[in-house]
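Notes to accompany the following structure.
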Amino acid sequence: MGSEHGDDGLRRRGCSCTKDDFLPEESFKSMGNYFKALKETPSRFIDRVMTRSDDSAEIHDMKARSGNEMKKTLTWWDLMWFGVGAVIGSGIFVLTGQQAKGESGPAVVLSFVVSGVSAMLSVFCYTEFAVEIPVAGGSFAYLRVELGDFMAFIAAGNIILEYVVGGAAVARSWTSYFATLLNHKPEDFRIIAHSLNEDYSHLDPIAVGVCAIICVLAVVGTKGSSVFNYIASMIHMVVIAFVIIAGLTRADLKNYSDFAPFGVRGVFKSASVLFFAYIGFDAVSTMAEETKNPGRDIPIGLVGSMVVTTVCYCLMAVTLCLMQPYSQIDPDAPFSVAFSAVGWDWAKYIVAFGALKGMTTVLLVGAIGQARYMTHIARAHMMPPWLAHVNAKTGTPINATVVMLAATALIAFFTKLEILADLLSVSTLFIFMFVAVALLVRRYYVTGETSSRDRNKFLMFLGLILASSIATAVYWAMEKDGWIVYAVTVLIWFLSTVGMKFLVPQARAPKLWGVPLVPWLPSASIAINIFLLGSIDEKSFVRFGIWTGVLLVYYFLFGLHATYDTAKATLKEKSALKNAEEGSVAADKTLHAT
């Protein structure tokens, strides 16, 4: 598939670094070709916006571009522990303290409930796609099938940002708890570069070293990584149980006397950031290509891990705020310092050890997931196809793994955790919202089958769901008092969802496992994700906008033309193959006739 030369190059050269490994498409063969492609940008862009992939192309044709198959070695047990290992880490051990102290107080437990409900809705949407399209591309592949190449690329760029920034945040948190374990402050292990901006001047060499070790583990093999992950995750769960049980023995109900000092707004503002604590489950969906029985294993693994995670988060948030007044919580290592404050100084070492274990598995599963995202993105030629290569011996995408972790290490070296967490939440909520939209499109619209009348009704109701959700979020962000606007926007959302439910027939039913209560759950996921976006600070949106601008520049200069050439070459190859088959059949008939 793709350009013949490019695909042969992948199989032949693997880890070479020639021009054809990075830009094998016809538009980049010469400067003349490139300038001609640039002149055709408008028509090519329209083609890519209007074109959709399909399930078969993602499952079969795209996988062939990696040269070698990924090994199917994973079961629901592996996926569930990958989910737990991917999610429980920096979010609970660091962000809980920051949000309880500065934004929501003891009501941080409600923030975890809100973000947990939103995450569970997204889990349902991801699960249906992962079962139906079991490939390494995760949400990139799902959006490519339902919303087209351009929307998939915007999501792909933000997926990359999500994983690089998320990994960098966890790597810096790793340094914080490592410092606690050795009776030091985190800054003792960081280098201060006074010539740089304050937000980027605390250099973290330990975070870089941790990323390098994780890289080695990730490229060795997925099954080996799974064994390491669930052993480490089980140890982590023992530590969590100790924190909850031991912490509650030192609880003081007086610390809950001022339960929500920052009000409802503080609860939702914290929820938007604490959503960061739930990300990682989408990495499990990228392992569908390596799962033995996706139809059974993925729903059990994803939903099971999210239930375990949400319960742990809420119990630990309650424990922390009962142990200490929220105003005295340490933002860098809240649980360790909380135990020291109640006289159990020795317990902080157990907490720090558990946190390090948890953050290590978060980094490992994230590294596995981000490499598989990048592999499938490169299969589509939106990124250099060199990154799509799967190693024949290990069955892992080594090139993509090394590149992604190098980027993670670079960001972790410079950037403070607070900046990383807010930026990450914008990207994550944006992607999860689009996956919910894509699920509605999948259920209610099939090209060539859905009538124009049903299509228009569906688009109208979907537009109203999005518009009412955005209006609610914007009004919330403006910090206006009063309930009339909320009553109107929520009513529009409700009636739009009712209209979609009863006035638009579903065009497709799930084959193996489907999200229940469609369109209610996807519609609620859209509304909650957009609402949480309204609670994030302005600077994070500015950074998000800058990153999206960079993506668009790359897309119009390179990605658009690479994917356009690949799609046309694929179409030409299929047409030639079809003609050859028809010619063979005709020849056979002629031979039999004579």
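Only one of the listed residues (SER111, SER56) is free of Cβ contacts under 8 Å to residues at least 12 places away in the same chain and either assigned to a helix (DSSP H, G or I) or in contact with a strand residue (DSSP E or B) (Cβ under 9 Å, 6 or more places away or on another chain) (or both). That residue is SER56.
Please indicate, with yes or no, whether at least one residue in region 414-428 is at pLDDT below 90, touching a strand residue (DSSP E or B) at 6+ places or on another chain (Cβ under 9 Å) and open to solvent by 50 Å² or more (accessible area, probe 1.4 Å). Yes: region 414-428 contains one or more residues that are at pLDDT below 90, touching a strand residue (DSSP E or B) at 6+ places or on another chain (Cβ under 9 Å) and open to solvent by 50 Å² or more (accessible area, probe 1.4 Å). In region 451-468 there is no residue that is of a type in the set (Val, Ile, Thr) and modelled with pLDDT under 95. Filtering region 22-53 to residues that are of a type outside the set (S, T, N, Q), in a helix (DSSP H, G or I) and either touching a strand residue (DSSP E or B) at 6+ places or on another chain (Cβ under 7 Å) or open to solvent by less than 90 Å² (accessible area, probe 1.4 Å) (or both) leaves PHE22, PHE28, GLY32, TYR34, ALA37, LEU38, PRO42, ARG44, PHE45, ASP47, ARG48, VAL49.
Just to be sure, is ALA438 in contact with an Asp or Glu (Cβ under 8 Å, 6 or more places away or on another chain), within 29 Å of MET500 (Cα to Cα), open to solvent by less than 10 Å² (accessible area, probe 1.4 Å) and small (Gly, Ala, Ser)? Against the criterion (in contact with an Asp or Glu (Cβ under 8 Å, 6 or more places away or on another chain), within 29 Å of MET500 (Cα to Cα), open to solvent by less than 10 Å² (accessible area, probe 1.4 Å) and small (Gly, Ala, Ser)), ALA438 qualifies.
Of the residues ASP204, ASP199, only one is surrounded by fewer than 24 Cβ atoms within 10 Å (Cβ to Cβ) and either of a type in the set (Asp, Glu) or touching an Asp or Glu at 6+ places or on another chain (Cβ under 7 Å) (or both); which?
After applying the criteria, what remains is ASP199.
Among the residues of region 242-261, those that are open to solvent by less than 70 Å² (accessible area, probe 1.4 Å) and under 19 Å from TRP344 (Cα atoms) comprise PHE242, VAL243, ILE244, ALA246, GLY247, ALA251, ASP252, ASN255.
From the list ALA355, ALA400, the lone residue that is without any contact (Cβ under 8 Å) to a residue 40 or more places away in the chain, part of a helix (DSSP H, G or I), buried (at least 24 other Cβ atoms within 10 Å of the Cβ) and among the aliphatic types (A, V, I, L, M) is ALA400. For region 124-136, the criterion of a residue being modelled with pLDDT under 90 and under 14 Å from the mean Cα position of the chain (by Cα) is satisfied by at least one position. In region 169-196, the residue that is least open to solvent (accessible area, probe 1.4 Å) out of those that are of a type in the set (Val, Ile, Thr) and in contact with a Pro (Cβ under 9 Å, 6 or more places away or on another chain) is THR175.
Filtering PHE140, PHE150 for residues that are surrounded by fewer than 24 Cβ atoms within 10 Å (Cβ to Cβ), out of contact with any strand residue (DSSP E or B) (no Cβ under 8 Å at 6 or more places or on another chain) and under 24 Å from ALA380 (Cα atoms) leaves a single hit, PHE150. For region 59-74, filtered to residues that are open to solvent by 40 Å² or more (accessible area, probe 1.4 Å) and outside any helix (DSSP H, G or I), the residue that is farthest from GLU289 (Cα to Cα) is ASN68.
Filtered by the rule that a residue be among the β-branched types (Val, Ile, Thr) and modelled with pLDDT under 85, region 254-298 gives VAL273, ILE279. The condition of being touching a helix residue (DSSP H, G or I) at 6+ places or on another chain (Cβ under 9 Å), closer than 28 Å to HIS184 by Cα and surrounded by fewer than 17 Cβ atoms within 10 Å (Cβ to Cβ) holds for only one of VAL342, VAL273, that being VAL342.
Results for (1) under 23 Å from LEU429 (Cβ atoms); (2) within 26 Å of the chain's Cα centre (by Cα), shown as yes or no for each residue.
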| residue | (1), (2) |
| --- | --- |
| ILE484 | no, no |
| SER496 | yes, no |
| PRO505 | no, no |
| SER525 | yes, yes |
| GLU538 | yes, yes |
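Beta carbons closer than 8 Å, at least 6 apart along the sequence or on distinct chains, pair a first residue in region 481-500 that is touching a residue at least 40 places away in the same chain (Cβ under 8 Å) with a second that is buried (at least 16 other Cβ atoms within 10 Å of the Cβ) and of a type in the set (S, T, N, Q) for MET500/SER523. Among the residues making up region 239-266, those that are among the hydrophobic types (A, V, I, L, M, F, W, C), in contact (Cβ under 8 Å) with a residue 12 or more places away in the chain and not in a loop (DSSP other than H, G, I, E, B) are VAL239, ILE240, PHE242, VAL243, ILE244, ALA246, LEU248, LEU253. Against the numbered list (1) over 22 Å from PHE189 (Cα atoms); (2) part of a helix (DSSP H, G or I); (3) in contact with a Pro (Cβ under 9 Å, 6 or more places away or on another chain), VAL390 comes up short only at (2). Spot the failing condition for ALA477; the list is (1) of a type in the set (Gly, Ala, Ser); (2) open to solvent by 20 Å² or more (accessible area, probe 1.4 Å); (3) touching a helix residue (DSSP H, G or I) at 6+ places or on another chain (Cβ under 9 Å); (4) modelled with pLDDT of 90 or more, and only one is missed. With (1) of a type in the set (Gly, Ala, Ser); (2) open to solvent by 20 Å² or more (accessible area, probe 1.4 Å); (3) touching a helix residue (DSSP H, G or I) at 6+ places or on another chain (Cβ under 9 Å); (4) modelled with pLDDT of 90 or more applied to ALA477, the lone miss is (4).
Which condition number does LEU503 fail, the rest of (1) surrounded by 14 or more Cβ atoms within 10 Å (Cβ to Cβ); (2) in contact (Cβ under 8 Å) with a residue 40 or more places away in the chain being met? Going through (1) surrounded by 14 or more Cβ atoms within 10 Å (Cβ to Cβ); (2) in contact (Cβ under 8 Å) with a residue 40 or more places away in the chain one by one, LEU503 breaks only (1). Condition check for LEU196 on (1) part of a helix (DSSP H, G or I); (2) among the hydrophobic types (A, V, I, L, M, F, W, C); (3) over 28 Å from ALA347 (Cβ atoms): one failure, at (1).
The values are calculated or read from the model by the stated rules, or taken from the named source; none is laboratory data. All of these numbers come straight from a predicted model, not from anything done at the bench. When we count neighbours, we look across all protein chains shown, and the Cβ atoms used for this are built from the backbone with ideal geometry, even at glycine. Just the protein is used for accessible areas: all its heavy atoms, side chains included, with ligands, DNA and RNA removed. Shrake-Rupley method; radii C 1.70, N 1.55, O 1.52, S 1.80 Å.
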